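A.B. asks: Let me give you the structure first, and then I'll get to my questions.
Just so it is clear, none of the values below were taken in a lab; they were calculated from the coordinates. What you see is a predicted model, and the numbers here were worked out from it, not measured in a lab. Counting neighbours? That spans all protein chains shown, and the Cβs are built from the backbone with ideal geometry, glycine included.
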Amino acid sequence: MGLGGVKALKALFFVGGFVLNLSAADPLQVSQDLHIHGDYRGAESVLREGLKSESDNQRRAAILNSLGDLLREQDRSAEACLLFHEVLDLPGISWRSRFAALMGIADLDRQDRLWVRSASEWNEVIALAVSNGDVVCESYGIRGLGEMWLDQGDYARAEPLLKRALALIEANQSATVDRISVALDSLATLYRAEDKTSMAEELWQRELKMVRGLFGDYHPQTGLVLAHLAEVSAKDGDFSRARDYSRQVISIMTGHFAADSMPVAAAFINSAMVEERARAFEASASFYAKALDILRASGHPPAASGDIAKMYADVLSQLHRKREAKQVVAEFSAFRAAK
């Protein structure tokens with residue numbers, strides 16, 4: 001989501017160069033450049049600094065939406081939600097700014113499994129795009145609604161929406177590579193859920209080529225695609241390639257995020273799943289344990305934590321550690337009940 005020392009040094013020099021010129025630069029452009037190079041902390045700092053001196057509501061809306069998206073990408077949902085609602089409270093903003101904020105809120109509600117609310121918000125997003133004749137934005141909304149159905153396991157409703165979203169954006173000459181790659185990822189995820197692994201892998205390989213060209217080898221967005229490829233490689237029994245992908249994911253995420261962050265936990269889970277499928281249960285248990293330590297320390301583990309705990313418990317049972325397995329499941333069930 002391999003880091004060499006040279007690349008790390010180059011990233012530091014890159015960040016330093018921008019810090020020296022912040023007063024004369026556009027915070028939106030600077031933060032975008034920092035984000036592309038994987039410096040999330042630097043990008044956040046630039047955007048927050050830009051808000052302090054920005055009095056124009058349209059510009060404030062753009063910065064708030066960018067900051068919200070940045071925080072959402074780091075699984076900082078509560079902070080992101082406040083920023084998107086702040087945008088909606090600003091008078092005199094464009095429909096595009098409102099669209100971006102609504103899309104952020106709809107996606108956060110999808111992640112929190114607030115299905116009815118999220119569906120209503122996605123339909124509002126789509127209607128706003130259609131009323132303004134923007135096909136690219138319409139595709140974003142359709143994709144979001146499709147992902148919501150995918151998350152619920154309703155593949156019959158998800159598939160036509162995700163295919164439609166990809167077709168719309170690929171046919172539009174103004175669509176950027178990063179947006180096309182997101183649409184590819186969503187459809188690939190559906191194919192993976194439907195056990196169409198060869199079709200999923202084909203789309204993820206296309207996406208990997210795109211994100212490497214846009215962000216480079218060492219970036220969290222590249223890591224996300226590698227994590228998907230690790231999973232499908234393991235499912236196909238190619239454990240050597242799956243391990244190579246998953247170890248790259250760990251290296252990328254630990255290089256860009258704090259040791260106790262959700263992206264790092266996700267990287268450990270990815271490796272745990274690969275090792276579990278390879279029946280290397282000791283290695284799998286070790287990775288699951290590291291991930292759950294991070295989730296446990298967060299105090300507010302995400303809804304999926306209970307599912308991860310059950311997966312860990314299954315591995316522990318394979319290792320004849322059934323008492324420990326029961327304790328893990330009970331602990332994270334209590335976390336979920338308290339939320």
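A.B. asks: May I ask for the percentage of alpha-carbon pairs in region 113-155 that lie more than 15 Å from each other?
C.D. replies: Roughly 38 percent, rounded to a whole number.
A.B. asks: So what does log10 I(q)/I(0) come out to for the chain at q = 0.10, 0.12, 0.14 Å⁻¹, using the Debye formula with one equal point on every Cα and no solvent?
C.D. replies: -0.64, -0.94, -1.29
A.B. asks: Helix-only mean residue ellipticity at 222 nm, the chain, DSSP H runs n ≥ 4 weighted -39,500 (n - 2.57), per residue, nearest 500. What is it?
C.D. replies: So the calculated ellipticity at 222 nm is -26500 deg cm²/dmol.
A.B. asks: What is the Cα centroid distance between region 181-220 and region 246-314, reported in whole angstrom?
C.D. replies: Result: 21 Å between the Cα centres.
A.B. asks: To continue, here is another question. Let me know the Rg and Dmax you get for region 195-244 when you use only its Cα atoms, in Å.
C.D. replies: 10.7, 30
A.B. asks: Moving on. What order do you get for H256, H85 when you list them from fewest to most C-beta neighbours inside 10 Å?
C.D. replies: Sorted ascending by nearby Cβ count, the order is H85, H256.
A.B. asks: Over 28 Å between C-alpha atoms is what I'm after, so list which of K163/K235; K290/K322; K235/K290; K163/K310; K235/K322 land there.
C.D. replies: K163/K310
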